[in-house]
1. Just round it to a whole percent: the fraction of Cα-Cα distances in region 147-288 exceeding 20 Å.
2. If you count, for each residue, the other Cβ atoms within 10 Å and average over each peptide, how do 226-239, 188-201 line up from highest to lowest?
3. In whole Å, what are the extents of region 263-405 along the principal axes defined by its C-alpha atoms, from largest to smallest?
4. Can you give the FRET efficiency to the nearest 0.05 for Arg98 and Ser262, using r as the Cβ-Cβ distance and R₀ = 60 Å?
5. Would you mind getting the accessible area per residue of the chain, heavy atoms of the protein chains only, 1.4 Å probe, in Å²?
6. For an R0 of 41 angstrom, estimate the FRET efficiency from the Cβ-Cβ distance between Glu305 and Trp62 and round to the nearest 0.05.
7. Largest first and in whole Å, what are the equivalent-ellipsoid semi-axes of the chain based on the Cα gyration tensor, each being the root of 5 times an eigenvalue?
8. What is the packing order of peptides 112-125, 337-350, taking the mean over residues of other C-beta atoms within 10 Å and listing the highest first?
Amino acid sequence: MTSALTETAPVLHASEGPLAGRLVVDLSRALAGPHAAMMMGDLGARVIKIENPGSGDDTRGWGPPFVGPADEPQATYFMSCNRNKESLALDLKSEDGRTVLRQLLERADVVVENFRPGVLERLGFSTDAMHSINPRLVILSITGFGHDGPESHRSGYDQILQGEAGLMSLTGSGPGDPQRVGVPIADLLSGMYGAYGVVAALLEREHTGRGQVVRTSLLASLVGVHAFQGTKVTVAGEEPEAQGNHHPSIAPYGLFRCRDGSVQISVGSEKLWAAFTSAFGIDTNGLNTNADRVRNRTRIIEVVETVFADYDAEPLLAKLEAAGVPAGKVRTLKEVYEWPQLVSQGLLVDVEHPRLGSVTLPGPPLRFFDNAAGAESTRRSHTAPPLLNQHGDGVREWLASTEVD
């Protein structure tokens, strides 16, 4: 048995990227799983998204904003996590739906699912069943709280997990002001970890000939990025708290007010501290080391903002750059998407949508370079997030016209 696509397969997008020739069956919905599958599509895999007939992925109804014709509005939320995919509507409770899914699994390299534990088993597609269909299949399974343990039964929603995993206790103006991150960071991180795990499993399959199950969760993804805040607890035995826009272990590092707004600076070494204080004539008495400055954070903030009060933001940023001190502004997202630096990195892609016409989407964050050829090999052609069942007929025709070796 082989999971590679045959030469007759009607690939509906350009076959470019390190995962070109791989088939991903995306059974997931909402954000975590779809984001993982989109990352694989960005890398060149063919991704077939399985959706409920009639309603499709939940995120097709998450809005406003909606764009497009009044009788067929398109949710921008759905468009954020489903580029480079084909859509096939299947009722997995029907014999037809199960038959088509079985055919897809026979040909697939990867399946992505984020059902609650036990749902796929009830549909007849447990991990054992899927591996009996295709032993080379890599199965990515994402849950909220983990696949086992005393709270594995709980539904996983991003903001709930931001609270449960401690992230909100670190985010906000202070200990009494817990705040969520402004994007669904638990969903996005679990998708990223999941895609990373899939690529590792595909690499290992080259040696073993067998697929395996890759599991992660919203809980695990957030604990995985606790970083120095986690070791502050496990090693130092201390309880981290929210500190607003200032770093808990480096000073001065954060958002500081100036005459007409604010700027951000990062003075992350003693060399930078010397350059910073020299440029602005700051008295370093009692603030010679980073540890001194962290212990005297309130004083540091007052000293820096007193100096910055004489400057408008733009000339201040210019002076900081001249001194070699890392600094920046706080941009709105509109400003970000108009920023020439963002455009230069390929972080905007234009696609043709069947209802909206030409649409610009935030693009993939990875770039690839063929050093021997001296050229960039990043995938350039992308497809728009699909309409519900847009590719249903084409996928069924392909399944009917191909065989599994």
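The values are calculated or read from the model by the stated rules, or taken from the named source; none is laboratory data. Remember, it's a predicted structure, so these values are computed and weren't measured experimentally. Note that each Cβ is placed from the backbone with ideal geometry, even for glycine, and that neighbours are counted across all protein chains shown. Note: accessible area is taken over every heavy atom of the protein model, side chains too, but ligands, DNA and RNA are not part of it. Shrake-Rupley method; radii C 1.70, N 1.55, O 1.52, S 1.80 Å.
1. Numbers: 6395 of 10011 pairs.
Counting every Cα pair in region 147-288, those more than 20 Å apart make up 64 percent.
2. Numbers: 226-239: 11.7, 188-201: 21.9.
For the peptides 226-239, 188-201, the packing ranking is 188-201, 226-239.
3. Extents along the principal axes: 78, 37, 31 Å.
4. Numbers: r = 57 Å, r/R0 = 0.95.
After rounding to 0.05, the efficiency reads 0.55.
5. On the way: 20140 Å² over 405 residues.
Spelled out: the 1.4 Å probe surface of the chain, per residue, equals 50 Å².
6. Working: r = 40 Å, r/R0 = 0.99.
My answer for the efficiency is 0.50.
7. On the way: eigenvalues 416, 120, 83 Å².
Semi-axis lengths for the chain are 46, 25, 20 Å.
8. Values: 112-125: 17.4, 337-350: 12.8.
Highest-to-lowest ranking by the protection proxy: 112-125, 337-350.
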